[in-house]
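Enquirer: Submitted below is the structure of interest, expressed as structure tokens.
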């Protein structure tokens, strides 16, 4: 039995034309979604497949809408290929007996297949649904799944979320929503940060404070996307971007299984890990005394932490003690004007150099901007690349009313650039935070945030400050409660450095199907020894192994200690 071959179509020539006109082509981000999911694929810049070498499933990241491309895509499906599109290919609508109805949004999609163990309606920012053309002969046979609702989860229906159309021997499976665009804009906002954001209408998040921050740009809705904690505090309750990732991957795995082909992938975490917790500490206004109190508490809790350091710094003895206990020393870039900070590449580099010269660590891997200070779109990520910062943690809420999943994600991800950089992905792993002790102390928020994080096997990243831990017993106790509840739910505590190393090493693995009668599956690459391979099971297939569920699909989990895997 062979494995499914996935291709991704990315027409760089047409994309470049759009980017030169100042238009984003976030379809590029489809490759990041697949890489994060550990799914093998081949990238195609045109449709000139070698004889007998066309992929079983072709995902359209970006293509032109001209007639010639439409003809080639139609021919690919007619020959038996499965064509998957995300809010595109309007040029094929008429051939399918449909008509495009234009762009709608924002809204919510209710999917037939619950993702992440949840039946939650998913927020989208724009969609281009098709409807069956009136009086089309013969009447097209179209299978629809899910429904789009305008404005709110209970809004008027506006079309199908997913449509499946037979084309010759193959199919077109078309999402009405551009999932890559939606994921990017939920994670990073819809525009660069250039002015104050619009605050919550109920006064719970006054982000318009004359102070440019990450959360001045967001793509969620104050009314529809927040819930209340048991103590009555509002928070953004759902990781929409991660749930869209789940939906995309789940659909792809099922489409492969419908062809009678499994699509194996590298699991997200090691075999012993389901989800991860990250505890980061911002050293604002604290000294050795506060650090001592915090170190003792962390030792009692037996957890490592990422310490984000801002001037004035701790003593070298304290830093050495941190490293001896397995903690990470990270950067806390200060661009706050009122504290003599600057938003410039030079200031970033100078502050990082001063930290590097003061600590006994070989390298600084992680950064989190002080007060979530941010401008523009990609400046911070370019500076991180320039100065060797591998991971950033800046994205999180700065006010009481925008805690939780403000950016729709608890996953580590490589962010997308704006069109001026051709929408590339930055070589900086973003690990945003979900809650901070400088916003409020509501212990009842811990459980719902951990629950949603566990549904998508993400990272529960909470931020604390040694000065609060030292001075405020409620914060001291709250940290202990966070650790206790996370452990009870199976979370494993890692530092930002370890998360970064794992994610990068895991992506070095490449799954291929070996030629010849042996039908072996080979995993190439110098990846982590404790990585696991997930093999989706065909209907009725029983391998006599413990079955685990990934993306809603039954899978066999195989350790990659032996990278030559028999596939019978």
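Bear in mind these aren't lab numbers, they're just calculated from the coordinates by the rules spelled out. Every value quoted in this text rests on a predicted model; they were computed, and no experiment measured them. Using ideal geometry, Cβ is built from the backbone for each residue, glycine included, and neighbour counts are taken over all protein chains shown.
Enquirer: Restricting to the chain, compute how many DSSP beta bridges are antiparallel as a %, nearest 5. Walk me through the intermediate numbers first.
Expert: On the way: 50 of 91 bridges.
That works out to approximately 55 percent antiparallel.
Enquirer: Okay, moving on. What Rg and what Dmax come out for region 308-466 when only alpha-carbon atoms are used, in angstroms?
Expert: So, for region 308-466, Rg and Dmax equal 16.1, 46 Å respectively.
Enquirer: Still on this model: Using Cβ counts within 10 Å as a stand-in for footprinting exposure, how do 461, 238 rank, fewest first?
Expert: 238, 461
Enquirer: Now, a different point. Would you give the gap between the C-alpha center of region 484-501 and the C-alpha center of region 180-213, rounded to a whole Å?
Expert: 28 Å
Enquirer: Which FRET efficiency value, to the nearest 0.05, is calculated for residue 14 and residue 101 with the Förster distance at 22 angstrom and r the Cβ-Cβ distance? Please report the intermediate quantities before stating the final value.
Expert: Values: r = 23 Å, r/R0 = 1.06.
The computed FRET efficiency comes out at 0.40.
Enquirer: What is the helix-to-structure angle for 67-78, meaning the angle in degrees between its Cα long axis and the longest Cα principal axis of the chain, kept from 0 to 90 and rounded to the nearest 10?
Expert: Roughly 80 degrees, rounded to the nearest 10.
Enquirer: Is any residue of region 267-290 close enough, with backbone N under 12 Å, to a label point placed 7 angstrom from the Cα of residue 325 along the Cα-Cβ axis, and if so, which?
Expert: Within reach of a label on residue 325, which here means backbone N under 12 Å from a point 7 Å along Cα→Cβ, region 267-290 contributes 289-290.
Enquirer: Suppose the chain between residue 296 and residue 64 were pulled fully straight at 0.36 nm per residue; how much longer would it get relative to their current alpha carbon spacing?
Expert: Net length gain for the segment: 77.6 nm.
Enquirer: Convex hull volume of the Cα atoms in the chain, per residue, in Å³?
Expert: Numbers: hull volume 88.4 nm³, N = 568.
It is 156 Å³ per residue.
Enquirer: If a paramagnetic tag sat 7 Å from the Cα of residue 316 along the Cα-Cβ line, which residues of region 347-367 would have the backbone N under 13 Å from that point?
Expert: Counting only backbone N, you get 357-361.
Enquirer: Another question about this same structure. Could you work out how far the C-alpha centroid of region 400-441 sits from that of region 1-56, in angstrom?
Expert: Here the two parts' Cα centres lie 25 Å apart.
Enquirer: Distance from the Cα centre of region 310-333 to that of region 66-138, in angstrom?
Expert: Here the answer is 52 Å between Cα centres.
Enquirer: Would you kindly state how much longer the chain becomes between residue 508 and residue 472 on full extension, computed as 0.36 nm times their sequence separation minus their alpha carbon distance, in nm to one decimal?
Expert: Gain on stretching residue 508 to residue 472: 8.5 nm.
Enquirer: Next up: Sort the following peptides by mean Cβ neighbour count (other Cβ atoms within 10 Å, averaged over residues), highest first: 529-536, 318-325, 284-291, 178-185.
Expert: On the way: 529-536: 20.4, 318-325: 16.1, 284-291: 17.6, 178-185: 25.8.
Most protected by this proxy first, the peptides run 178-185, 529-536, 284-291, 318-325.
Enquirer: So, one more: Could you tell me the calculated FRET efficiency between residue 557 and residue 427, based on Cβ-Cβ distance and R0 = 30 angstrom, to the nearest 0.05?
Expert: With R0 = 30 Å, the Cβ-Cβ based efficiency is 0.50.
Enquirer: To continue, here is another question. Would you please give the FRET efficiency between residue 230 and residue 75, computed as 1/(1 + (r/R0)^6) with r the Cβ-Cβ distance and R0 = 45 Å, to the nearest 0.05? Mind dumping the intermediate values first?
Expert: Details: r = 57 Å, r/R0 = 1.28.
Taking R0 as 45 Å, the efficiency between residue 230 and residue 75 is 0.20.
Enquirer: Same structure, new question: Taking only Cα atoms, what is the 0 to 90° angle, nearest 10, from helix 496-506's long axis to the longest principal axis of the chain?
Expert: 30 degrees
Enquirer: Let me ask something else. For the Cα atoms of the chain, what angle does the longest principal axis make with the long axis of helix 446-455, in degrees from 0 to 90, nearest 10?
Expert: 30 degrees
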